[in-house]
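A quick write-up on the structure given underneath.
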Amino acid sequence: MIETELSAGELKLAALDNQVDGPVVIGLHGYLDNAESMKVLAPYFKAYRYVAIDLAGHGRSQHRPLGAHYNQADYIQDLYALLQSQQFSDVILVGHSLGGILASMFASLFPEKVRAVVSIDACGPLVEDESTTQQQMRNAIINRFEKGQSQLRPVDLDSAVEARCKISDIPADTARSILSRNLKEEADGQQFWSSDARLRTKSILRLTEKQAENLLRAIVCPMLIIGASSSFKNLEANYPKRASWFKNARYEQLVGGHHIHMENTEDVGALISQFVEQL
């Protein structure tokens, strides 16, 4: 995979690109991750142009301007701009967690641009009941203001890896490979986050269950949804609640945690390869 930068409208997105001349597959990582987490799937797309991007504000991609924030719809706007700018069409979207949510939402909104979706440990948008609207918005506005006052501090990678492992089911070596791409080193040798601190702010407003249903029912392309047996996402219990919303989805569960594509790459890769070959 070659380090590169792609235009998405006015935004520059960092990416890892195998630069193969073939149908386009776009890898979309999870929240606070980056393209490094999707790089492991590259060997399973040897006949495809596989591009794993850093979402805006993540990894080595540009940050949003001062005063802006990171809303889910804006990532979809970025993805639309990327496809338009690069003249990508009939793409396969492979997303993990947040990336899987974005892939499914994009396929819903722009079915003419998407050939298929692979969603790893994600089954459509996260939702909240409409009765929480006032509290969601209040909490997010306060949180975003407070985050804007935070100061830049040096990062110790070992401590960051330990902290990440405490709040997720991710192994230390996996956390280290992802977090390393989220760091930049200054001339004095100190390391700082290259990812945007505003990524850690609360969502201003989540979709409701009915809104999520409306979106997912509009997906027409084939979908492969991969659940992880020991993930906090618990897709084994949650997928059946939404299964009837999908026109053409297949659910498979494999052994592993939330970053199952990094822990159990061989099984996940083989499953994806089989799915793509049958398109």
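A few notes on this one:
- Taking segment 27-51 as the range and being outside any strand (DSSP E or B) and open to solvent by 10 Å² or more (accessible area, probe 1.4 Å) as the test, the residues that pass are TYR31, LEU32, GLU36, LYS39, VAL40, ALA42, PRO43, TYR44, LYS46, ALA47, TYR48.
- Test: residue in segment 32-44 that is more than 27 Å from ILE260 (Cα to Cα), touching a residue at least 12 places away in the same chain (Cβ under 8 Å) and in contact with a helix residue (DSSP H, G or I) (Cβ under 7 Å, 6 or more places away or on another chain): no
- Residues of segment 47-76 satisfying the condition of being over 26 Å from LEU126 (Cβ atoms) and small (Gly, Ala, Ser): ALA47
- Residue within segment 13-26 that is in a strand (DSSP E or B) and touching a helix residue (DSSP H, G or I) at 6+ places or on another chain (Cβ under 6 Å) present: yes
- Test: residue in segment 149-164 that is without any contact (Cβ under 8 Å) to a residue 40 or more places away in the chain, β-branched (Val, Ile, Thr), closer than 27 Å to PHE232 by Cα and in contact with a helix residue (DSSP H, G or I) (Cβ under 7 Å, 6 or more places away or on another chain): yes
- Matching entry among SER203, SER230, SER177, SER195 (being touching a residue at least 60 places away in the same chain (Cβ under 8 Å) and exposed (fewer than 14 other Cβ atoms within 10 Å of the Cβ)): SER230
- Residue check, SER168 open to solvent by 20 Å² or more (accessible area, probe 1.4 Å), of a type outside the set (Lys, Arg), at pLDDT 90 or above and at negative phi: no
Okay, residues lined up against (1) within 30 Å of LYS233 (Cα to Cα); (2) in contact with a Gly (Cβ under 6 Å, 6 or more places away or on another chain):
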residue	(1), (2)
ALA15	yes, no
GLN19	no, no
VAL25	yes, no
LEU28	yes, yes
ASN34	yes, yes
MET38	yes, yes
ALA42	yes, no
LEU55	yes, no
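The values are calculated or read from the model by the stated rules, or taken from the named source; none is laboratory data. Keep in mind it's a predicted model, so treat the numbers as computed, not measured. Ideal geometry is used to build each Cβ from the backbone, glycine not excepted, and the neighbour counts take in all protein chains shown. Surface areas here come from the heavy atoms of the whole protein model, side chains and all, with no ligands, DNA or RNA. Shrake-Rupley method; radii C 1.70, N 1.55, O 1.52, S 1.80 Å.
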